[in-house]
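Scroll down for the structure; my scribbles are underneath it.
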Amino acid sequence: MKLEAFFPLATYPEANTEVAAANAVAFAAGIGAGLHALAIDADIPDVSNTLSRLLLDTPEMIRRAEVASLKSGEHLLAAVRERASAAGVDVTTDAIAVPLASLGDAAARHARYFDLSLIGWEAGNPTVRMLAEAVIFGSGRPTILLRDVPTISSIDHVAIAWDGSRVAARAVADAQPLLERASRISIITVLDEKPLKEKDAGERLAARLRHRRLPAEAVPVNAEDCPIAETLQQTALHRGCKLLVMGGYGHSRFRDFVLGGATEGIVSDLRLPVLLSH
(Lines give C-alpha, C1' and ligand atoms only; values in the text may rest on other atoms or scores of the structure.)
Protein backbone atom coordinates (compact mmCIF):
# COMPACT_ATOMS: atom_id res chain seq x y z
CA MET A 1 0.00 0.00 0.00
CA LYS A 2 1.30 3.44 -0.93
CA LEU A 3 2.16 5.73 1.98
CA GLU A 4 0.54 9.15 2.24
CA ALA A 5 2.60 11.89 3.86
CA PHE A 6 1.27 15.10 5.39
CA PHE A 7 3.31 18.28 5.00
CA PRO A 8 2.11 21.30 7.04
CA LEU A 9 3.59 24.67 6.11
CA ALA A 10 3.98 27.60 8.48
CA THR A 11 3.27 30.96 6.83
CA TYR A 12 3.23 33.50 9.69
CA PRO A 13 4.87 35.08 11.59
CA GLU A 14 7.93 33.10 10.42
CA ALA A 15 7.23 31.15 7.26
CA ASN A 16 8.89 27.96 6.06
CA THR A 17 11.45 28.30 3.26
CA GLU A 18 11.41 26.80 -0.23
CA VAL A 19 14.13 24.41 0.92
CA ALA A 20 11.53 22.78 3.16
CA ALA A 21 9.27 22.26 0.16
CA ALA A 22 12.12 20.76 -1.88
CA ASN A 23 13.12 18.39 0.92
CA ALA A 24 9.58 17.20 1.58
CA VAL A 25 9.06 16.37 -2.08
CA ALA A 26 12.47 14.65 -2.30
CA PHE A 27 11.74 12.58 0.81
CA ALA A 28 8.30 11.57 -0.47
CA ALA A 29 9.88 10.57 -3.76
CA GLY A 30 12.54 8.55 -1.94
CA ILE A 31 9.97 6.42 -0.09
CA GLY A 32 7.43 6.29 -2.92
CA ALA A 33 4.81 8.23 -0.98
CA GLY A 34 2.06 10.59 -2.01
CA LEU A 35 2.17 14.06 -0.46
CA HIS A 36 -0.50 16.39 0.87
CA ALA A 37 0.77 19.92 1.55
CA LEU A 38 -1.29 22.23 3.77
CA ALA A 39 -0.52 25.92 4.11
CA ILE A 40 -1.65 27.15 7.53
CA ASP A 41 -2.42 30.83 7.12
CA ALA A 42 -2.98 33.39 9.86
CA ASP A 43 -6.46 34.50 10.89
CA ILE A 44 -5.83 37.45 13.21
CA PRO A 45 -8.81 38.75 15.20
CA ASP A 46 -9.30 42.50 15.42
CA VAL A 47 -9.04 43.34 19.13
CA SER A 48 -8.23 47.00 18.62
CA ASN A 49 -9.98 49.87 20.37
CA THR A 50 -10.67 53.41 19.24
CA LEU A 51 -7.30 54.74 20.43
CA SER A 52 -5.29 51.99 18.74
CA ARG A 53 -7.22 52.55 15.52
CA LEU A 54 -6.29 56.22 15.61
CA LEU A 55 -2.65 55.82 16.60
CA LEU A 56 -1.65 52.56 14.91
CA ASP A 57 -4.35 51.81 12.34
CA THR A 58 -4.57 48.30 13.82
CA PRO A 59 -7.10 46.94 11.29
CA GLU A 60 -4.76 47.84 8.43
CA MET A 61 -1.82 46.17 10.22
CA ILE A 62 -3.90 43.02 10.63
CA ARG A 63 -4.92 43.09 6.99
CA ARG A 64 -1.31 43.39 5.86
CA ALA A 65 -0.22 40.53 8.11
CA GLU A 66 -2.96 38.26 6.80
CA VAL A 67 -2.15 39.16 3.19
CA ALA A 68 1.54 38.43 3.81
CA SER A 69 0.63 35.07 5.36
CA LEU A 70 -1.65 34.20 2.42
CA LYS A 71 1.03 35.12 -0.13
CA SER A 72 3.65 33.04 1.69
CA GLY A 73 1.31 30.06 1.69
CA GLU A 74 0.48 30.39 -1.99
CA HIS A 75 4.18 30.72 -2.86
CA LEU A 76 5.15 27.62 -0.86
CA LEU A 77 2.31 25.50 -2.25
CA ALA A 78 3.28 26.51 -5.78
CA ALA A 79 6.87 25.45 -5.03
CA VAL A 80 5.62 22.07 -3.74
CA ARG A 81 3.48 21.48 -6.85
CA GLU A 82 6.32 22.45 -9.20
CA ARG A 83 8.87 20.18 -7.54
CA ALA A 84 6.40 17.32 -7.16
CA SER A 85 5.61 17.48 -10.88
CA ALA A 86 9.31 17.31 -11.73
CA ALA A 87 9.89 14.40 -9.31
CA GLY A 88 6.83 12.41 -10.29
CA VAL A 89 5.28 12.64 -6.81
CA ASP A 90 1.50 12.53 -6.49
CA VAL A 91 0.61 15.72 -4.63
CA THR A 92 -2.47 17.51 -3.36
CA THR A 93 -2.48 20.94 -1.76
CA ASP A 94 -4.84 22.95 0.41
CA ALA A 95 -4.85 25.99 2.68
CA ILE A 96 -6.66 26.90 5.88
CA ALA A 97 -6.72 30.06 7.99
CA VAL A 98 -6.61 29.67 11.77
CA PRO A 99 -5.82 31.88 14.77
CA LEU A 100 -2.11 31.87 15.59
CA ALA A 101 -2.70 30.16 18.93
CA SER A 102 -4.40 27.26 17.13
CA LEU A 103 -1.74 26.70 14.45
CA GLY A 104 -0.25 23.63 16.12
CA ASP A 105 -3.61 22.12 17.06
CA ALA A 106 -4.85 22.48 13.48
CA ALA A 107 -1.73 20.81 12.08
CA ALA A 108 -1.97 17.90 14.53
CA ARG A 109 -5.66 17.40 13.78
CA HIS A 110 -5.07 17.20 10.02
CA ALA A 111 -2.02 14.94 10.47
CA ARG A 112 -4.17 12.17 11.99
CA TYR A 113 -5.55 11.30 8.56
CA PHE A 114 -2.15 10.42 7.06
CA ASP A 115 0.51 7.75 7.57
CA LEU A 116 3.22 10.17 8.63
CA SER A 117 4.05 13.86 8.75
CA LEU A 118 7.02 15.71 7.27
CA ILE A 119 8.22 18.91 8.95
CA GLY A 120 10.65 21.29 7.28
CA TRP A 121 12.80 21.92 10.37
CA GLU A 122 14.45 25.30 10.91
CA ALA A 123 16.17 25.59 14.28
CA GLY A 124 15.80 29.36 14.53
CA ASN A 125 12.14 29.46 13.51
CA PRO A 126 9.84 29.47 16.57
CA THR A 127 6.71 29.08 14.44
CA VAL A 128 8.05 25.87 12.88
CA ARG A 129 9.10 24.59 16.31
CA MET A 130 5.62 25.16 17.73
CA LEU A 131 4.09 23.38 14.75
CA ALA A 132 6.53 20.46 14.98
CA GLU A 133 6.03 19.89 18.69
CA ALA A 134 2.25 19.95 18.33
CA VAL A 135 2.34 17.39 15.52
CA ILE A 136 4.83 15.11 17.30
CA PHE A 137 2.86 14.99 20.54
CA GLY A 138 -0.68 15.60 19.31
CA SER A 139 -1.15 13.75 16.04
CA GLY A 140 -0.67 10.14 17.09
CA ARG A 141 1.36 9.68 13.89
CA PRO A 142 5.12 9.49 13.30
CA THR A 143 6.74 12.80 12.43
CA ILE A 144 9.90 13.18 10.36
CA LEU A 145 12.01 16.32 10.84
CA LEU A 146 13.88 17.34 7.69
CA ARG A 147 16.93 19.61 7.90
CA ASP A 148 16.84 23.00 6.18
CA VAL A 149 19.57 22.03 3.71
CA PRO A 150 18.95 20.28 0.38
CA THR A 151 20.51 16.91 1.26
CA ILE A 152 17.64 14.43 1.03
CA SER A 153 18.52 11.18 -0.76
CA SER A 154 17.16 7.65 -0.87
CA ILE A 155 16.43 6.20 2.56
CA ASP A 156 18.34 2.95 2.11
CA HIS A 157 20.06 2.79 5.51
CA VAL A 158 17.96 3.41 8.64
CA ALA A 159 19.22 3.77 12.21
CA ILE A 160 17.05 2.95 15.23
CA ALA A 161 17.76 4.46 18.65
CA TRP A 162 16.87 1.56 20.92
CA ASP A 163 16.70 1.30 24.70
CA GLY A 164 13.90 -1.23 25.06
CA SER A 165 11.37 1.39 26.20
CA ARG A 166 7.71 1.74 25.25
CA VAL A 167 8.25 4.85 23.14
CA ALA A 168 11.18 3.23 21.32
CA ALA A 169 9.00 0.21 20.54
CA ARG A 170 6.26 2.52 19.27
CA ALA A 171 8.78 4.26 17.01
CA VAL A 172 9.94 0.96 15.52
CA ALA A 173 6.34 -0.04 14.81
CA ASP A 174 5.59 3.35 13.23
CA ALA A 175 8.72 3.11 11.08
CA GLN A 176 7.91 -0.38 9.79
CA PRO A 177 7.04 0.72 6.22
CA LEU A 178 10.39 2.52 5.98
CA LEU A 179 12.31 -0.36 7.53
CA GLU A 180 10.86 -2.70 4.91
CA ARG A 181 12.32 -0.47 2.18
CA ALA A 182 15.80 -0.29 3.74
CA SER A 183 18.78 -2.33 2.58
CA ARG A 184 20.49 -1.85 5.98
CA ILE A 185 19.20 -1.24 9.51
CA SER A 186 21.54 -0.23 12.36
CA ILE A 187 20.14 -0.57 15.88
CA ILE A 188 22.05 1.87 18.08
CA THR A 189 21.99 1.26 21.83
CA VAL A 190 23.88 3.65 24.10
CA LEU A 191 25.15 1.53 26.98
CA ASP A 192 26.41 4.15 29.45
CA GLU A 193 23.78 6.91 29.23
CA LYS A 194 21.26 5.37 31.67
CA PRO A 195 20.71 1.99 33.33
CA LEU A 196 19.32 -0.53 30.85
CA LYS A 197 17.18 -3.43 32.00
CA GLU A 198 18.59 -5.56 29.19
CA LYS A 199 22.21 -5.21 28.10
CA ASP A 200 21.47 -7.25 24.98
CA ALA A 201 18.37 -5.26 24.02
CA GLY A 202 19.86 -4.13 20.70
CA GLU A 203 20.75 -7.66 19.63
CA ARG A 204 17.34 -8.94 20.70
CA LEU A 205 15.60 -6.38 18.47
CA ALA A 206 18.00 -7.09 15.62
CA ALA A 207 17.24 -10.81 15.88
CA ARG A 208 13.50 -10.20 15.76
CA LEU A 209 13.86 -7.97 12.70
CA ARG A 210 16.12 -10.49 10.98
CA HIS A 211 13.49 -13.13 11.71
CA ARG A 212 11.18 -11.01 9.55
CA ARG A 213 13.84 -10.91 6.83
CA LEU A 214 14.93 -7.34 7.59
CA PRO A 215 18.70 -6.63 7.39
CA ALA A 216 19.25 -5.51 10.99
CA GLU A 217 22.50 -5.22 12.94
CA ALA A 218 23.01 -4.30 16.60
CA VAL A 219 25.38 -1.38 17.22
CA PRO A 220 26.20 -0.93 20.94
CA VAL A 221 28.05 2.32 21.69
CA ASN A 222 29.27 4.31 24.69
CA ALA A 223 28.48 8.01 24.97
CA GLU A 224 31.47 8.71 27.23
CA ASP A 225 29.95 11.93 28.62
CA CYS A 226 28.82 13.09 25.16
CA PRO A 227 25.17 14.26 25.00
CA ILE A 228 22.89 11.41 24.02
CA ALA A 229 21.43 13.19 20.97
CA GLU A 230 24.92 13.93 19.64
CA THR A 231 26.02 10.33 20.21
CA LEU A 232 23.02 8.93 18.37
CA GLN A 233 23.28 11.29 15.41
CA GLN A 234 27.05 11.05 15.05
CA THR A 235 26.94 7.25 15.20
CA ALA A 236 24.18 7.18 12.58
CA LEU A 237 26.06 9.56 10.29
CA HIS A 238 29.36 7.71 10.72
CA ARG A 239 27.63 4.51 9.60
CA GLY A 240 26.10 6.22 6.58
CA CYS A 241 22.52 6.15 7.84
CA LYS A 242 20.02 8.37 6.02
CA LEU A 243 17.29 8.38 8.71
CA LEU A 244 17.27 8.03 12.51
CA VAL A 245 14.19 6.49 14.15
CA MET A 246 13.59 7.23 17.83
CA GLY A 247 10.91 7.72 20.43
CA GLY A 248 9.84 11.27 21.19
CA TYR A 249 10.00 11.92 24.93
CA GLY A 250 8.04 14.79 26.39
CA HIS A 251 4.65 16.08 27.44
CA SER A 252 2.54 19.19 27.01
CA ARG A 253 1.85 21.73 29.72
CA PHE A 254 -0.63 24.50 28.90
CA ARG A 255 0.35 24.58 25.22
CA ASP A 256 4.05 24.54 26.07
CA PHE A 257 5.98 21.35 25.44
CA VAL A 258 8.49 19.96 27.92
CA LEU A 259 10.87 17.77 25.94
CA GLY A 260 13.01 14.94 27.22
CA GLY A 261 16.78 15.36 27.02
CA ALA A 262 17.33 13.27 23.89
CA THR A 263 14.39 14.85 22.07
CA GLU A 264 15.46 18.37 23.01
CA GLY A 265 18.97 17.61 21.83
CA ILE A 266 17.68 16.42 18.48
CA VAL A 267 15.49 19.44 17.78
CA SER A 268 18.18 21.84 18.97
CA ASP A 269 20.85 20.38 16.69
CA LEU A 270 19.29 18.31 13.90
CA ARG A 271 21.99 16.67 11.76
CA LEU A 272 20.02 14.21 9.63
CA PRO A 273 16.35 13.37 9.02
CA VAL A 274 14.84 12.02 12.26
CA LEU A 275 11.56 10.15 12.72
CA LEU A 276 10.07 10.91 16.12
CA SER A 277 7.18 8.88 17.47
CA HIS A 278 5.29 9.52 20.70
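The values are calculated or read from the model by the stated rules, or taken from the named source; none is laboratory data. Since the model is a prediction, treat every value here as computed from it, not as a measurement. Note: ideal-geometry Cβ built from the backbone for every residue, glycine included; neighbour counts use all protein chains shown.
Does T93 satisfy the criteria of being crowded, with 20+ Cβ neighbours inside 10 Å and polar (S, T, N, Q)? Step through it out loud before you land on a result.
On the way: crowded, with 20+ Cβ neighbours inside 10 Å: no; polar (S, T, N, Q): yes.
The answer is no for T93.
Check segment 31-42 and report whether any residue there is in a loop (DSSP other than H, G, I, E, B) and modelled with pLDDT under 95. Within segment 31-42 (the criterion being in a loop (DSSP other than H, G, I, E, B) and modelled with pLDDT under 95), the answer is yes, since at least one residue qualifies.
Candidates in segment 124-147 are the residues that are in a loop (DSSP other than H, G, I, E, B) and over 12 Å from the mean Cα position of the chain (by Cα); of these, the one that is surrounded by the fewest Cβ atoms within 10 Å (Cβ to Cβ) is G124. Could you tell me whether G120 is modelled with pLDDT of 90 or more, on the phi > 0 side of the Ramachandran plot and either surrounded by fewer than 22 Cβ atoms within 10 Å (Cβ to Cβ) or in contact with a Leu (Cβ under 9 Å, 6 or more places away or on another chain) (or both)? Answer is no for this residue.
Here's the yes/no breakdown for (1) under 30 Å from Y113 (Cβ atoms); (2) in contact with a helix residue (DSSP H, G or I) (Cβ under 7 Å, 6 or more places away or on another chain):
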position	(1), (2)
D174	yes, no
P177	yes, no
I187	no, yes
L191	no, no
D200	no, no
R212	yes, no
A218	no, yes
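The single condition from (1) out of contact with any Lys or Arg (no Cβ under 6 Å at 6 or more places or on another chain); (2) touching a residue at least 60 places away in the same chain (Cβ under 8 Å) that A201 fails is (2).
Before we move on, is A95 under 15 Å from A15 (Cβ atoms) and either among the acidic types (D, E) or assigned to a helix (DSSP H, G or I) (or both)? Talk me through it step by step, then tell me what you get.
Working: under 15 Å from A15 (Cβ atoms): yes; either among the acidic types (D, E) or assigned to a helix (DSSP H, G or I) (or both): no.
Answer is no for this residue.
Residue count for segment 76-92 satisfying the condition of being of a type in the set (A, V, I, L, M, F, W, C) and outside any helix (DSSP H, G or I): 2.
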